[in-house]
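Derivation of every value follows stated rules applied to the coordinates shown; laboratory data play no part. In this text, all values refer to a predicted model and were calculated from it rather than measured experimentally. We place every Cβ from the backbone using ideal geometry, glycine too, and count neighbours over all the protein chains shown.
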Amino acid sequence: MSRLSVVHLLRANAVVFSSVVQVGDSQHIRLSGRALAVQRQFEYVDSNEFPLAFPIFTKPIPLSPVDHEHVCRHTLHDCPLIAVHSIRIIGVSSTSVVHIGSTKNVEAESRVKHIRQLTERREQHARSRRSD
Amino acid sequence: MNMTVVNHHLSVGHIAIGGVASASLVLIGDSETIQLASAFDTPPESLIIGPFPQKQNNKKNEEKR
């Protein structure tokens with residue numbers, strides 16, 4: 001199962017966080033990525049503040065089962081050519097794949113946790129609302 | 001089960017993509033198995049109303065005056 005991939009133009013601005021852009025055939029693609037995004041109202045950085053022990057990073061994600069039923073597949077390449085004129089991509093991120101060509105197995109796992117910290121001024125806010 | 005696949009000419013003109021993110025796949029071609037999983041967690045703390053909306057309220061109060 002091999003095909004010839006001909007790409008005239010491929011333009012990708014950013015390929016980040018364990019992502020792949022592949023032109024041509026491949027066998028196995030296995031990607032894994034973990035991200036902890038902390039946004040604060042005030043600038044404060046401490047790389048040891050959060051251990052990467054949140055349940056989202058450890059819990060197993062149940063994957064859809066692969067059907068192991070034996071399929072007798074015959075693939076006939078009448079024209080073994082994949083012709084692409086142009087592809088324009090702004091961003092590929094967090095274990096994603098852009099693949100031009102044939103592949104066998106693709107496995108990707110992405111785990112993202114967002115934390116936003118704002119200043120605790122809810123009481124003040126409630127008081128000002130009451131005065132309205 | 002028997003299956004026959006005949007690949008004829010595959011030709012793509014132009015594709016414009018904004019973003020491919022969080023265990024996603026754009027495939028021009030064929031594959032046997034694809035398993036993609038993505039988990040995203042954002043805590044309820046993200047809903048705290050901070051001082052930024054309060055500033056907007058102050059502006060409204062000033063306008064009233």
Return the average number of partner chain Cβ atoms within 10 angstrom of each residue Cβ along peptide A:74-83.
-> 5
Shielding by other protein chains, A:87-95, mean Cβ within 10 Å = 6
Return the calculated 222 nm mean residue ellipticity for chain A, to the nearest 500 deg cm²/dmol, obtained by summing -39500 (n - 2.57) across DSSP H runs with n ≥ 4 and dividing by the residue count.
-> -2500 deg cm²/dmol
Residues with amide H under 5 Å from that of A:THR75, placed H, sequence gap 5 or more = B:VAL5
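Determine the shielding of peptide A:54-67 by partner chains: average, over its residues, the number of Cβ atoms on other chains within 10 angstrom of each Cβ.
2
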Given the alpha-carbon gyration tensor of chain A, what are the semi-axes of its equivalent ellipsoid in whole angstrom, ordered largest first, with each equal to the square root of 5 times an eigenvalue?
-> 45, 21, 14
Once you list every other residue whose beta carbon is under 15 Å from the beta carbon of B:LEU27, what net charge do they have if Lys and Arg are +1 and Asp and Glu are -1?
-> -2
Which is the longest run of chain A containing none of the GluC sites (Glu not before Pro) found in DSSP loop states (not H, G, I, E, B) with at most 11 other C-beta atoms within 10 Å?
-> A:70-119
Taking a label point 7 Å from the Cα of B:THR33 along Cα-to-Cβ, the residues of region A:59-76 whose backbone nitrogen sits under 13 Å from it are A:63-71
